[in-house]
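> Here it is, the structure in full.
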Amino acid sequence: MDHLKRHTLTGRHHSDKKSPKIDPKRPANMDMEVESPPLVFYNQPQSSTGALFSGQLKVQVTDPTVTFEKFEMRLLATVTTKKPVSHNCPDCTTQITEIYKWEFLKAPTPLKHGDHSFPFSYLLPGHLPATTHGSLASLDYHLAAVATSSTGENITYQRSINIKRAVMPGNDKHSIRVFPPTDLTAHVTLPPVIHPIGDFGMGMRLSGLNTKTRDALTRWRLRKLSWRIEENQKFVSPACHKHAQKVGGEGKGILHDEMRVIAHEEVKSGWKTDFEEGNADVEFKAAVNTALKPLCDVESPNGLSITHSLIIEMVVAEEWASLKKPNQATPTGAARVLRMQFNIVLSERSGLGISWDEEQPPMYEDVPASPPTYTQMEDFNIEELDNEVDRLRLE
């Protein structure tokens, strides 16, 4: 009986085993070697010359009997909506746009056994938006290569590419804000571009603090200053042709917007006040919170927009003092909140990189046809020149 049990268990153990799955052998394999530097668009979309993308698509043929009927690669942009018009519709959620297409084979071609390289290049237009992963929508780029064999089999390859934008730094921006009905005026100095990593300095002068009457002095004292950077995202979720009636017709969508604070601080001291001149000078450092993964500025024709605003708020309190004793001021109890808002650009750092068109060497047509000519010297007197040389030697 024990022998029968052991035999039964052993037989059941062997029956549970599954034979390993053998994948069919592919006639070819693909890989890619990118030769160009990282893709960075320099400056704003309206003035950027784009980025040059080049490399080699490598095909390793394992079955030389196969003929390739078609071999092409496409550069695609994929926009994924986080809040689609219809949540269960893939056409409302994802939109794919073809930017460029390479056709490596014009006719059916047999490839020998071994490695084959197919070079490619493309100048990405500078107006394209950078790769973005926001809370309302995501924008990605990738390459999709397909080689179709004579047997109808497709050998595919995909590779994501990351596009960044870096706005070159320039001169500081100077802005003036007036706060009626008071005489207070703020002169603010801001950097033209800020970055996701690192801090930046801001300076401000608040003038018009004093107001004199016949025997008294009324002045404003800066009590508190706070600043914050707001990130504003907007996206128009498009509707496919099946759900166009939900938004009022073809080509329309639903606008979504979202705001979040990516940096803030409250400053209660550190400025210099000169009541004789009626000025208060403020300088402070600010930085974006990297833990929040801030997004760079984006403006896309598909409705995706990301902008940033710097908001500065100051609390000033009114004081009264006699002209005979100006240092003995008494608070009047009145106070005001002064608010300023500035548009500010958040961009990747440009580093030491330069645009592709500034890297290329001079062309042959840029070289002049002959060396420069020398003007002839007129009224040249060799004796006067010798006398001048002898005089200099004696000195």
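The values are calculated or read from the model by the stated rules, or taken from the named source; none is laboratory data. None of the values given here were measured: they were computed from a predicted structure. Quick reminder, even Gly has a Cβ in these numbers, built from the backbone with ideal geometry, and neighbours come from all protein chains shown.
> Condition first: closer than 30 Å to Gly303 by Cβ, touching a Ser or Thr at 6+ places or on another chain (Cβ under 9 Å), modelled with pLDDT of 90 or more and in the same structural domain as Thr131 (by TED's automatic domain parsing). Can you find one or more residues in segment 56-69 that meet it?
No: zero hits.
> Taking the condition of being without any contact (Cβ under 8 Å) to a residue 40 or more places away in the chain and closer than 30 Å to Pro64 by Cβ, how many residues in segment 106-137 meet it?
The qualifying residues number 2.
> Let me ask something else about it. Of these, Gly249, Gly270, Gly253, which one is more than 21 Å from the chain's Cα centre (by Cα) and surrounded by 13 or more Cβ atoms within 10 Å (Cβ to Cβ)?
None of the others qualify; the one that does is Gly253.
> Give the residues of segment 154-182 that are closer than 28 Å to Glu348 by Cα and in a loop (DSSP other than H, G, I, E, B), sorted by residue number.
Result: Asn162, Val167, Met168, Pro169, Gly170, Asn171, Asp172.
> Here's a follow-up. Exactly one of these conditions fails for Gln328: (1) at pLDDT below 85; (2) under 20 Å from the mean Cα position of the chain (by Cα); (3) surrounded by fewer than 17 Cβ atoms within 10 Å (Cβ to Cβ). Give me its number.
Going through (1) at pLDDT below 85; (2) under 20 Å from the mean Cα position of the chain (by Cα); (3) surrounded by fewer than 17 Cβ atoms within 10 Å (Cβ to Cβ) one by one, Gln328 breaks only (2).
> Kindly list the number of the only condition in (1) part of a loop (DSSP other than H, G, I, E, B); (2) within 30 Å of Thr131 (Cα to Cα) that fails for Gly270.
With respect to (1) part of a loop (DSSP other than H, G, I, E, B); (2) within 30 Å of Thr131 (Cα to Cα), Gly270 is out only on (2).
> Turning to a different aspect of this structure: Residues of segment 36-77 being surrounded by fewer than 18 Cβ atoms within 10 Å (Cβ to Cβ), of a type in the set (Val, Ile, Thr) and under 18 Å from Glu348 (Cα atoms), which ones?
Passing the criteria: only Thr49.
> Here are Glu250, Glu277: which of them is part of a loop (DSSP other than H, G, I, E, B), in contact with a His (Cβ under 7 Å, 6 or more places away or on another chain) and not β-branched (Val, Ile, Thr)?
None of the others qualify; the one that does is Glu250.
> Here's a follow-up. Consider Leu385 carefully, then state whether it is modelled with pLDDT under 70, outside the structural domain of Pro191 (by TED's automatic domain parsing) and within 30 Å of Thr132 (Cα to Cα).
Considered against the rule, which asks whether it is modelled with pLDDT under 70, outside the structural domain of Pro191 (by TED's automatic domain parsing) and within 30 Å of Thr132 (Cα to Cα), Leu385 comes out as no.
> Does segment 188-228 hold any residues that are of a type outside the set (Val, Ile, Thr), outside any strand (DSSP E or B) and within 37 Å of the chain's Cα centre (by Cα), and which are they?
Those that are of a type outside the set (Val, Ile, Thr), outside any strand (DSSP E or B) and within 37 Å of the chain's Cα centre (by Cα): Pro191, Pro192, His195, Pro196, Gly198.
This table checks each residue for (1) assigned to a strand (DSSP E or B); (2) more than 24 Å from Phe104 (Cα to Cα); (3) at pLDDT below 90.
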residue: Arg12; (1), (2), (3): no, yes, yes
residue: Ser19; (1), (2), (3): no, yes, yes
residue: Ile22; (1), (2), (3): no, yes, yes
residue: Arg26; (1), (2), (3): no, no, yes
residue: Met32; (1), (2), (3): yes, no, no
residue: Val40; (1), (2), (3): yes, yes, no
residue: Gln46; (1), (2), (3): no, yes, no
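Residues are listed down the side, and each one gets a yes or a no for (1) modelled with pLDDT of 90 or more; (2) closer than 30 Å to Asp257 by Cα:
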residue	(1), (2)
Glu299	yes, yes
Met314	yes, yes
Glu318	yes, no
Leu323	no, no
Ser355	no, no
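> Looking at Phe41, Phe68, which one is in contact (Cβ under 8 Å) with a residue 40 or more places away in the chain and farther than 28 Å from Ser237 by Cα?
Exactly one of Phe41, Phe68 is in contact (Cβ under 8 Å) with a residue 40 or more places away in the chain and farther than 28 Å from Ser237 by Cα, namely Phe68.
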